[in-house]
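Enquirer: Below you will find the structure I want to go over with you.
Coordinate-derived values only; no laboratory data. Please read all numbers here as calculations on a predicted model, not as lab measurements. Counting neighbours? That spans all protein chains shown, and the Cβs are built from the backbone with ideal geometry, glycine included.
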Amino acid sequence: MFYFDNFNGKKILKSSLLQDYDCFFTTRDFPLTAGALENIEPECSINRLSLKKQLGVQNITTAKQVHGCNIEIINKNTYFYDNTDALISNIPSSLMLLNYADCVPIILYSKKDNTGGIIHAGWRGCAAEITAKTADRMIKELNIHPENITALIGPSIGKCCFETDEDVFLKLIKDKSNTELYTKKGNKFFIDLKMINKYQLLEKDIHNIDISDYCTCCMSDIFFSYRKEKGITARHSAIVKIKGDK
Ligand SMILES: [Zn+2]
C-alpha cells in the first residue's frame, strides 16, 4: 500500500512493502530536478543537498534519460550515465535517482541481497520492455532470485488520461484480449502503462508488487505532469538507496 510520508518536512510517497528502506517517490513539494521550470533550480539544488545529507551520502547517481532501453549496472565512482533509462546497483550506500513527469517510475529491490534498480518507462520504454529487461539483468547477472524482488510501480499518467491513436496502441499492446491494459473509445485508445509494467514483472516471476493508483495528470497539484502542463513542468523523482555500510 502506498502512503504519503514526511521527509525532512517534505511530502514523499512510500510503499508499505519497502517501509524501512530509502526507496520512495518525491512530489511537487520536494522537487530535485527543475526540467523546464528553470526558476525553481535554486530550490532543487537545496533539496538535492538535503537529500544527500539526510541519507548520509556524498553523491547521487543519475542518468540522461532518453526514452530508450539502455540499462546500466552502476560502477563505483561513476555518478552520471548518458543515454540511460534504468540503473541497477548492489553497491552499499549508493543512491540512485531518475526523473519523471507522467512516465512510469519503477523501483525494484531485493532486501535479501540489498540490490536495487530504478526504471524510467514512458510509452516507448514500455513498448521496448525496459522493465522486463531490467529485472532480467538483476536476475541473471547479479543472481537475484525473482521471489526476493519487491517491485513498486509509482505514480504516472493513468488510463484515465493516457489517450493515444492506434499507432501507439499497436506498439504497446501485444495481447489485445487483455482488456485490463486498455479501453477503446471510438478510434482512440486509453492505455494503462502501469498495468503493462505489472505484466512485464509477472512474466519474470516477480509477484510482490505494489502499484500506485495515482494519476499524475489528474493529480498535477501533487505531481508534475508533462501532458497537463504542456511540457512546461519540473520533475518528481524515484529514489533508491542501497542498504549497508560503505
Ligand atoms: Zn488521469
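Enquirer: Give the residue list of trypsin sites (Lys or Arg not before Pro) in region 59-115 that are DSSP loop and have at most 14 other beta-carbon atoms within 10 angstrom.
Expert: Here the trypsin sites (Lys or Arg not before Pro) that fit, given the DSSP loop and packing criteria, are Lys64, Lys76, Lys112.
Enquirer: Further question: Dividing the Cα convex hull volume of region 79-191 by residue count, how many Å³ per residue is that?
Expert: It is 120 Å³ per residue.
Enquirer: Dimensions of region 10-90 along principal axes (Cα, Å, largest first)?
Expert: 34, 31, 24
Enquirer: By a straight-distance test (C-alpha under 24 Å), which lysines pair with Lys176 as possible cross-link partners, with residues fewer than eight away in the same chain excluded?
Expert: Lys133, Lys159, Lys184, Lys185, Lys188, Lys194, Lys198, Lys204
Enquirer: Still on this structure, please answer the following. If eta is 0.692 mPa s and T is 37 °C, what Stokes-Einstein diffusion coefficient results for the chain, Kirkwood Rh from Cα pairs, in µm²/s?
Expert: Rounded, D is 183 µm²/s.
Enquirer: Sticking with this one: Roughly how large, in nm² to one decimal, is the mean projection of the convex hull of the alpha-carbon atoms in region 113-246?
Expert: It is 9.5 nm².
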